[in-house]
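First comes the structure, then the notes that go with it.
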Amino acid sequence: MRGFDHIDTWVFDLDNTLYPASCRLFDQIDRKMTGLVSEILGVPSIEARTIQKGLFHKYGTTLRGLMVEHEVDPKYFLHHAHDIDYAPVPTDGALDRALDGLAGRKLIFTNGTVAHAESVLQRLGVTRHFTDIFDIVDSDYIPKPQRRPYEKFIRHTNIRARTSAMFEDIARNLEAPHELGMTTVLITSDDNHDAHVLNGADKPDYVHHTTCHLAGFLNGLGRTL
């Protein structure tokens, strides 16, 4: 089990990681993506839903699957997928204080967009903590869990993997960070259905820590570092 006393960089996924899955923000994106799959492929919503989930499981994101199999324009897809209401994301004073207690850089690494991340951070009230957002465009539209975007993220941000910690809600997205030397933390929630299905009941060896409450977990670290 890896500790955190050597960590100088804190890397966070965005959706269902920094904000609670219980606010159902990603459910809006999920419905938007179903509608886009239906529109682009000309299939009924029920069939589009099945296709969408199949692409997500196979490629890491629905968008990547549509790009590979149907040559979909990513800019069009991302613009419409993130045309949502951010009001359900609650201001999180506990998270703000917990992040304040962590020494070092704090970064966002997301399969979403910079604009989406900025909207979420503003709602949470934690924008001031983050010095960079590395998004799906920076990843050349190649999503986690593939290793290539992690390697580009490390080059882009000039971090040291072995002194970095990665926080994620999908376990398979922590395999590459583990291999590269990062300390990994899985954020769990009964409200995160897709992650619950993907993650299964057993904790993989590449997941070093798990928590169902990010702010509490970070606050505990801040007191011991």
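Sub-8 Å Cβ pairs linking a first residue in region 173-194 that is over 10 Å from Y150 (Cβ atoms) and aromatic (F, W, Y) to a second residue that is open to solvent by 10 Å² or more (accessible area, probe 1.4 Å) and modelled with pLDDT of 95 or more, at least 6 apart or interchain, number zero.
Just to verify a result, which residue in region 31-58, among those that are at pLDDT 95 or above and closer than 19 Å to L14 by Cβ, is most open to solvent (accessible area, probe 1.4 Å)? Checking each candidate, the answer is R31. L102 falls short of the stated requirement of being aliphatic (A, V, I, L, M) and farther than 26 Å from D8 by Cβ. Residues of region 194-209 that are surrounded by 14 or more Cβ atoms within 10 Å (Cβ to Cβ), in contact with a helix residue (DSSP H, G or I) (Cβ under 9 Å, 6 or more places away or on another chain) and not acidic (D, E): A195, L198, N199, K203, P204, Y206, V207, H208, H209. Exactly one residue out of V72, V11, V43, V37 is on the phi < 0 side of the Ramachandran plot, assigned to a loop (DSSP other than H, G, I, E, B), in contact (Cβ under 8 Å) with a residue 12 or more places away in the chain and hydrophobic (A, V, I, L, M, F, W, C): that is V72.
Restricting attention to region 130-182, the residues being within 27 Å of P20 (Cβ to Cβ), open to solvent by less than 20 Å² (accessible area, probe 1.4 Å) and assigned to a helix (DSSP H, G or I) number 9. Exactly one residue out of A115, A94 is modelled with pLDDT of 95 or more, in a helix (DSSP H, G or I), surrounded by fewer than 21 Cβ atoms within 10 Å (Cβ to Cβ) and under 18 Å from the mean Cα position of the chain (by Cα), and it is A115. Is region 98-112 home to any residue that is in a helix (DSSP H, G or I), touching a Phe, Trp or Tyr at 6+ places or on another chain (Cβ under 9 Å), at pLDDT 95 or above and open to solvent by 10 Å² or more (accessible area, probe 1.4 Å)? Checked region 98-112: no residue is in a helix (DSSP H, G or I), touching a Phe, Trp or Tyr at 6+ places or on another chain (Cβ under 9 Å), at pLDDT 95 or above and open to solvent by 10 Å² or more (accessible area, probe 1.4 Å).
The values are calculated or read from the model by the stated rules, or taken from the named source; none is laboratory data. None of these values were measured; they are calculated from a predicted model. Please note: Cβ atoms are built from the backbone with ideal geometry, for glycine as well, and neighbour counts cover all protein chains shown. Protein only, heavy atoms only, side chains kept; ligands, DNA and RNA dropped before computing areas. Shrake-Rupley method; radii C 1.70, N 1.55, O 1.52, S 1.80 Å.
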